[in-house]
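First the structure, in the form of structure tokens, and then the observations on it.
The values are calculated or read from the model by the stated rules, or taken from the named source; none is laboratory data. Worth saying up front: this structure is predicted, and the values here are computed from it rather than measured. FYI the Cβ positions are ideal-geometry reconstructions off the backbone, even for glycines, and counts take in every protein chain you see.
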Amino acid sequence: MLDTNGMELPDNAHALGANAPARRRRVWMFSGQGSQSYGMAKELFETEPAFRKAFLELASQVDTTSSDDHAGTPARSLEEILFSPPPRVSPAPGRPEAPAALSNTHHSNPALFVTQYAMAEMMLARGWRPDAVLGYSLGEFVAAAVAGVLTPLQALHIVQLIPRVMAASASRGSMAAVIASTELFTREPDLFAPCELAASNTARHFVISGPAEDIERIRMALKARSIQAIPLPIEYPFHSSFLEPVADKVRNLLQGIRLRRPSIPFYACRSGSRSDTFENDFVWRVTRDLVDFPGALAAAERDGPALYVDLGPSGTLASFSRQNLAAAQRNASSQRPASEALTILSPYGQDGHALAAAEKVLGAET
């Protein structure tokens, strides 16, 4: 089964290697724009008190109004926007009905942050602690809050201000996930121009960013070659030079905020490496730079085998992890315990069942 990014939905019963006798490090992963949908984590909101408490505390600080709202439109709470009731999309043959994507950045930015931070608080309340964090795009702000680089309220404030800066100064755009080797992008620059490579996810999955009309033209050209290019529910061309006009305004979002050293190892997709210090251009780098997921995962692997727990709403990072790890572990020493990726949330529900399955794996190494 595929998710909205064209990735196979994770299955916690699928291990990447033999059971390891030693406790592997627990790396919590947080995803970014494109992973969101209406109704995400609704089951846990209704059944998990720690999740609900953390969600509501942060959601009370969210301003959901945007420039797209009509005058006189009553403000809605974040939980109302996410949960009551979500619009649906027609399923492809043989697939279950899925919730529609949440594309308004004024809603999706805080929704992604609040949902994933509430996931972290729920895991902490259940007795699990991360040994490290990995952040993908907007997920770096959640990772920063969990690792103590920012307070949760500081991080939430920043993710709410980003779309307001974009709405005032940036050109609208689009992004699409391409299910093909990144070599295609470098081999045929004329096909993709003027769009840019925004993210490298696996050997056969990358994201492009640019003007909406060019993204659509490229999608149709790739479709003619039987190559999938899936539009992402994103309003702006993130991770590209098209954002340069707002660089100074985005950098200024950190004005007056002191960034602290992370309390645990922090693997950053903005650099594809471990990040031990944070500079004043942190927000700009997360927003503008190429996302290098294989690089960040490789950096985490160099620090030892791990259980990668995807706390994002779609399970996409677990799918990316499986593909990258499977390739790396074919060449790894058989003496080293195999890393494994776990997921909890998906667009198709059954979150409680997935949580129990993930905890079974985590508990086996306590």
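For region 148-160, indicate whether the set of residues that are surrounded by fewer than 18 Cβ atoms within 10 Å (Cβ to Cβ) and modelled with pLDDT under 95 is non-empty. Looking for residues that are surrounded by fewer than 18 Cβ atoms within 10 Å (Cβ to Cβ) and modelled with pLDDT under 95, one finds none in region 148-160, hence no.
Among residues belonging to region 1-35 that are under 23 Å from V133 (Cα atoms) and in contact with a His (Cβ under 9 Å, 6 or more places away or on another chain), point out the one that is modelled with the highest pLDDT. This residue is N5. When F293 is tested against (1) surrounded by fewer than 22 Cβ atoms within 10 Å (Cβ to Cβ); (2) touching a helix residue (DSSP H, G or I) at 6+ places or on another chain (Cβ under 6 Å); (3) closer than 17 Å to N201 by Cβ, only condition (1) is not met.
Scanning region 323-353 for residues that are touching a residue at least 24 places away in the same chain (Cβ under 8 Å), out of contact with any Asp or Glu (no Cβ under 8 Å at 6 or more places or on another chain) and over 20 Å from R129 (Cβ atoms) yields Q323, N324, A326, A327, Q329, R336, A338, Y348.
Within region 242-267, being within 30 Å of R25 (Cα to Cα), crowded, with 16+ Cβ neighbours inside 10 Å and not aliphatic (A, V, I, L, M) holds for P262, P265, F266, Y267. Looking at this structure, is A268 modelled with pLDDT of 95 or more and among the small types (G, A, S)? Taking the combined requirement at face value, the residue satisfies it. Residues that are part of a helix (DSSP H, G or I), free of Cβ contacts under 8 Å to residues at least 40 places away in the same chain and either aliphatic (A, V, I, L, M) or surrounded by fewer than 21 Cβ atoms within 10 Å (Cβ to Cβ) (or both) within region 281-290 comprise just one, R285.
For region 251-265, does any single residue satisfy the condition of being outside any strand (DSSP E or B), more than 24 Å from P130 (Cα to Cα) and in contact with a Lys or Arg (Cβ under 9 Å, 6 or more places away or on another chain)? The answer is no, given that none of the residues of region 251-265 is outside any strand (DSSP E or B), more than 24 Å from P130 (Cα to Cα) and in contact with a Lys or Arg (Cβ under 9 Å, 6 or more places away or on another chain).
Total residues in region 308-323 satisfying the condition of being surrounded by fewer than 24 Cβ atoms within 10 Å (Cβ to Cβ) and closer than 18 Å to R26 by Cβ: the figure is 1.
Within region 117-128, the presence of at least one residue that is hydroxyl-bearing (S, T, Y), within 18 Å of the chain's Cα centre (by Cα), surrounded by 19 or more Cβ atoms within 10 Å (Cβ to Cβ) and in a helix (DSSP H, G or I) is confirmed. Out of L297, L197, L253, one residue alone is of a type outside the set (V, I, T), closer than 22 Å to T105 by Cβ and in the same structural domain as N109 (by TED's automatic domain parsing). It is L253.
Checking region 274-285 against the condition returns no match, with no residue being under 19 Å from A145 (Cβ atoms), of a type in the set (F, W, Y) and in contact with a Ser or Thr (Cβ under 6 Å, 6 or more places away or on another chain).
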